Amino acid sequence: MNIQWYPGHMTKAKRQMQEDIKLIDLIIELVDARVPLSSRNPDIDELGKNKARLILLNKSDLSDERQNDAWKNYFQEKGFYVVKVDSRSGSGMKAIQAAIQEACKEKTERDRKRGIKNRPIRAMVVGIPNVGKSTFINTFAGKACAKTGNKPGVTKGKQWIRLNKNVELLDTPGILWPKFEDQNVGVRLAFVGSIKDDILNMEELALMLIEFLKDRYSGLLEERYGITPEGTSVENLGEIARARGCLKKGDELDYTKASGILFDDFRSGKIGRVTLEWAE
């Protein structure tokens, strides 16, 4: 399956980010904990060098806990600060504040030596589309957040959200686009819903997901749908269709509808906690 994705405003977004990055101390990068490498763009390492870096493994409630810990270690060994979060429920949010202070302690120390006290840390949230940036900003900032407005000379036209006396967040998240140098990246992003379903062959994708789950997470599909593990992925999709009453006229199995159910269940965590990319 060949998945390509060429959003026209990619260059503009990157240029905007290069401008924004000059204003900040810390980059908070959201990745999808189910696909931690496929959901990050390596350009950010170049754009953000010399900045403090915090990676949030978002949607970590949907991914395999053992893999969450392995990925946390993987990124920490590369010099990132890492927190496991679930932006929707707010899980892990309390740990972020401490991680921000820790990631920026050198900056705070530099400020103190220069006699600058209480200057807030300025942060920017970046990530690929659909990784949960807006949800994170809303959850993290909460209802009480006040926009600090334009600061003369420094942040013309920029809005800053004052989270507390220590942290200000640029309110426009930086958008990075995934790199499809490897087709498996496109497939994994399609699995988790980061690429619009209407440009994909969902039945073909469903067969690939069934294969993966049988290989890495045997037992989950049997438990959810009562499939026969020895069957082919096509037979298994047929079993899912029958189990969920996906029938066309004349009792013909509706594979398209069954594929939709499989992906809804997978993306919402009903099949179980699954990580598509393993750190070890």
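Since every read-out is calculated from the coordinates, none of them should be taken as a lab result. Treat the numbers as computed from the prediction; the structure is a model and nothing was measured. No Cβ is skipped: glycine too gets one built from the backbone with ideal geometry, and neighbour counts run over all protein chains shown.
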G92: net charge of surrounding residues, Cβ under 12 Å, Lys/Arg +1, Asp/Glu -1, itself excluded?
+3
With +1 assigned to the C-beta of every Lys and Arg and -1 to the C-beta of every Asp and Glu, and no other charges, what is the dipole magnitude of the chain about the Cα centre in debye, to the nearest 20?
2360 debye
In the range 159-243, trypsin sites (Lys or Arg not before Pro) in a DSSP loop with at most 15 other beta-carbon atoms within 10 Å
K165, K179, K196
When the helices in the chain are scored as -39500 (n - 2.57) per DSSP H run of 4 or longer and the sum is shared across all residues, what 222 nm value do you end up with, to the nearest 500 deg cm²/dmol?
-12000 deg cm²/dmol
For the range 10-175, give me the percentage of DSSP beta bridges that are antiparallel, rounded to the nearest 5 percent.
25 percent
Please give the direction-averaged projected area of the C-alpha convex hull for the range 1-105, in square nanometres with one decimal.
8.1 nm²
Global geometry of the range 179-280, whether rounded, prolate or oblate, following the gyration tensor of its Cα atoms and the 1.5 cut on a/c
oblate
Within the set K51/K117; K84/K165; K94/K196; K59/K248; K72/K94, which residue pairs have Cα atoms separated by over 29 Å?
K94/K196; K59/K248
If contacts are Cα pairs under 8 angstrom and at least 6 residues apart, what is the relative contact order of the chain in percent?
22 percent
Only Lys, Arg (+1) and Asp, Glu (-1) charged, at Cβ; the range 201-267 dipole about Cα centre in debye:
220 debye
Which trypsin sites (Lys or Arg not before Pro) in the range 79-133 pass both tests, a DSSP loop state and at most 11 other beta-carbon atoms within 10 Å?
R114, K117
Answer label for Rg and Dmax of the Cα atoms in Å (calculated), chosen among [x] 21.1, 68; [y] 21.4, 80; [z] 23.2, 70:
[y]
Rounded to 5, percent antiparallel among DSSP beta bridges of the chain:
25 percent
Which of the peptides 25-35, 246-256 is most tightly packed, and how do the rest follow, going by the mean number of other Cβ atoms within 10 Å of each residue?
25-35, 246-256
